[in-house]
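The values are calculated or read from the model by the stated rules, or taken from the named source; none is laboratory data. From a predicted model like this one, the values you see are computed outputs, not experimental measurements. All Cβ positions, glycine included, derive from the backbone under ideal geometry; neighbour counts span all protein chains shown.
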Amino acid sequence: MKIRFHDSQDADNPHNGATASDPEIILEWLDQTKGRPAFFCELLGDNNCKLLVGLSDTLGCVQYGARDGSPPYLMANDSAAGDDGNMSFLTANTDTPVPLRFCLPMERIRGVIQEFIRTGGRSSTVNWAEI
């Protein structure tokens, strides 16, 4: 499946608008953002689905949904995490708080991304909650 990358925080990201179908290439693009403040990007599939991905060096979040923004909106979550606290991700220079129950270690986020790129669907390695 072809994926188009969109950095919601940095319009000057050289990969904005680029497409790829190899998970390793897209993960490499994401790796190049390490060290930046936490931010959102979108991975737009040619199957009319997308992942909204919050990235940081340690934790991230993932929302799966339709490219046109119609519901349902499904967030990967850790059912063991409590409701205490938020993590903020930047989009267009605006902090967007995400409850910590929807934040997962980056290695798990990478797995969700890889499965989306390969299949176009939601990963079976995480729980999903409709928000």
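Residues that are in contact with a strand residue (DSSP E or B) (Cβ under 9 Å, 6 or more places away or on another chain), in a loop (DSSP other than H, G, I, E, B) and touching a residue at least 24 places away in the same chain (Cβ under 8 Å): does the range 52-62 have at least one? Yes, because at least one residue in the range 52-62 is in contact with a strand residue (DSSP E or B) (Cβ under 9 Å, 6 or more places away or on another chain), in a loop (DSSP other than H, G, I, E, B) and touching a residue at least 24 places away in the same chain (Cβ under 8 Å). As a summary of the residue check, Asp78 satisfies the conditions (1) surrounded by 15 or more Cβ atoms within 10 Å (Cβ to Cβ); (2) among the charged types (D, E, K, R); (3) at pLDDT 95 or above except for the one numbered (3). Looking at this structure, is Met106 in contact with a Cys (Cβ under 6 Å, 6 or more places away or on another chain) and surrounded by 13 or more Cβ atoms within 10 Å (Cβ to Cβ)? No. Hey, can you tell me all the residues within the range 18-29 that are of a type in the set (A, V, I, L, M, F, W, C) and either more than 18 Å from Val112 (Cα to Cα) or part of a loop (DSSP other than H, G, I, E, B) (or both)? The answer is Ala18, and nothing else. Within the set His6, His15, the sole residue that is assigned to a loop (DSSP other than H, G, I, E, B), surrounded by 17 or more Cβ atoms within 10 Å (Cβ to Cβ) and at pLDDT 95 or above turns out to be His15.
Take Gly85 and decide whether it is modelled with pLDDT of 95 or more and of a type in the set (Gly, Ala, Ser).
Working: modelled with pLDDT of 95 or more: no; of a type in the set (Gly, Ala, Ser): yes.
The answer is no for Gly85.
Scanning the range 30-51 for residues that are in a helix (DSSP H, G or I) and either crowded, with 19+ Cβ neighbours inside 10 Å or among the basic types (Lys, Arg) (or both) yields one hit, Leu30.
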